[in-house]
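S.K.: Below is the structure I would like to discuss, written out as structure tokens.
The values are calculated or read from the model by the stated rules, or taken from the named source; none is laboratory data. Here the structure is a predicted model, which is why all the values come from computation and not from measurement. All Cβ positions, glycine included, derive from the backbone under ideal geometry; neighbour counts span all protein chains shown. Side chains included, ligands, DNA and RNA excluded: accessible areas come from the protein's heavy atoms. Shrake-Rupley method; radii C 1.70, N 1.55, O 1.52, S 1.80 Å.
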Amino acid sequence: MRETIAKFFSKAVEHRFDKKLESFKADIRDNEKELDQIRSFLVAARSARDSATQSKRLEAAEILLRARHVLSQLTMLVEYMTILNTEQILKDGNNTKITEFIEALVQPFDVDGKMKQLGEIDKTMPRLYLSDKSLRIFDAYENIILQAVMMMKLFSTPLPDKGKLLKAGNLSEKVIELVPSSKEGFDEWGEDYAYHWSRYFHDEILRSLRHEVAGTDDQTRDIEFY
């Protein structure tokens, strides 16, 4: 009788355990379905978010390219800076012939009009949606162009001791930070060596923006996510 009772309880325990096990497995299946639904929702939400972000990024890239286009119309002033004897021009600051000559070089470019166009371009969106690398490349290019514009405008103005109006620039720091190999050139030629990097940064802006718009970084993140 003891054996019969033992078998009865054993069967009862096994049956109860089986029911618990089936219930546990059912809970797991339900949880897996719920996780699949959550995962699908997150993927869809991420896709929608990325789509909106990419749209903003495209718009930001277009804004930066417009600013680049305005600046590129003043590139010739940078070329002038690479061939003019700036030390001699600063020394002969009141030489009428020199100032008239420089003014004749600057006049066709409508510098004031270009500066107004550039000022009307709101760069807030690029600052929000583009990478720090693209922005630093653009800033380097813009600073080189604006430095050349400022110098040419100064040269075309008859003033004594123009050299005292100039402050030590930091173009070399910006260029070296982005292109470390340029340091040797700056050590040899000084700050004016930055003008020779204008074309490089002009082209590098486009390359960097193409990389961003192509979404290479986003694709890498998506692979890691899945």
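S.K.: Could you list, in sequence order, the residues of region 128-156 that are open to solvent by 10 Å² or more (accessible area, probe 1.4 Å) and aromatic (F, W, Y)?
M.R.: Y129 - this is the single residue of region 128-156 that is open to solvent by 10 Å² or more (accessible area, probe 1.4 Å) and aromatic (F, W, Y).
S.K.: Hey, could you check region 81-97 for residues that are hydroxyl-bearing (S, T, Y) and open to solvent by 40 Å² or more (accessible area, probe 1.4 Å) and say which is nearest to the chain's Cα centre (by Cα)?
M.R.: Once the filter is applied, the top-ranked residue is T82.
S.K.: Still on this structure, I have one more. Name every residue in region 156-172 that is in a loop (DSSP other than H, G, I, E, B) and either farther than 22 Å from F101 by Cβ or at pLDDT 65 or above (or both), in order of residue number.
M.R.: Listed by number, the residues that qualify are S156, T157, P158, L159, K167, A168, G169, N170.
S.K.: Would you confirm, using the coordinates I've provided, whether A60 is at pLDDT 80 or above, in contact with a Phe, Trp or Tyr (Cβ under 6 Å, 6 or more places away or on another chain) and surrounded by 11 or more Cβ atoms within 10 Å (Cβ to Cβ)?
M.R.: Yes; evaluated as a whole, the condition is true for this residue.
S.K.: Could you run through region 180-207 and say how many residues are in a helix (DSSP H, G or I) and open to solvent by less than 60 Å² (accessible area, probe 1.4 Å)?
M.R.: The total comes to 14.
S.K.: Here are V106, V70, V111: which of them is crowded, with 18+ Cβ neighbours inside 10 Å and under 23 Å from E204 (Cβ atoms)?
M.R.: V70
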